[in-house]
């Protein structure tokens, strides 16, 4: 109920502001450094709205460009971790089947990708035992 009341209040204020702007036939004159701009109030506000939208889009694009290296690095690290987990799970499956060559290869790959001995310890032990 509160949200509905807030929505109706904001809508009423916007409608009142729109009606007030429509009733203002006055022209606005802007003088700046030898330039003179004559326009009506609704046109000026519309121009300001477009300028604000353009500035917001430009800011979003700048944040996107600045943040791209971090996102790419994070995606690369996530891909590396997923490959390591895949090698770890396939290595454990190879231990169960008794494929010693594959166990050793996957244990080395999992150690290289994950760089966490607590995760790859069991597979490394199994690979060493199989040799």
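Every number in this text was worked out from the coordinates using simple rules, so none of it is lab data. In this text the structure is predicted, and so the values were computed from the model without any measurement. Ideal geometry is used to build each Cβ from the backbone, glycine not excepted, and the neighbour counts take in all protein chains shown.
Gaussian network model of the chain, Cα springs within a sub-10 Å range: biggest mean-square fluctuation belongs to which of 47, 74, 18? Looking only at 47, 74, 18, the largest GNM fluctuation is found for 18. Packing-based ranking of 49-59, 76-86 yields 76-86, 49-59, ordered from highest to lowest mean Cβ neighbour count within 10 Å. In plain terms, the bigger the Kirkwood radius, the slower the diffusion; for the chain, with that radius from Cα pairs, at 4 °C and 1.567 mPa s, Stokes-Einstein puts D at 61 µm²/s. With respect to the chain, whose longest principal axis is taken over its alpha-carbon atoms, helix 117-130 is tilted by about 30°. One chain, two ends: residue 20 and residue 35. Fully extended at 0.36 nm per residue, the span grows by 2.6 nm beyond their Cα-Cα distance.
For the pair residue 64 and residue 86, a Förster radius of 30 Å applied to the C-beta separation gives a FRET efficiency near 0.45, rounded to the nearest 0.05. Gain on full extension, evaluated as 0.36 nm per residue between residue 118 and residue 93 minus their Cα-Cα distance, stands at 7.2 nm.
Can you give me the C-alpha center-to-center distance between segment 77-107 and segment 21-66, rounded to a whole angstrom? Between the Cα centres of segment 77-107 and segment 21-66 lies a distance of 60 Å.
To test your reading of the geometry: what angle, between 0 and 90 degrees and rounded to tens, separates the Cα axis of helix 2-22 from the longest principal axis of the chain? Roughly 40 degrees, rounded to the nearest 10. Spin-label model, residue 52/residue 73: points 7 Å from Cα along the beta carbon direction are separated by 3.6 nm. In segment 62-131, one over the average inverse separation of all distinct C-alpha pairs is 13.0 Å, which is the Kirkwood hydrodynamic radius. Expressed as a rounded percentage, what relative contact order does the chain have, with Cα pairs under 8 Å and six or more residues apart? This gives 14 percent for the chain.
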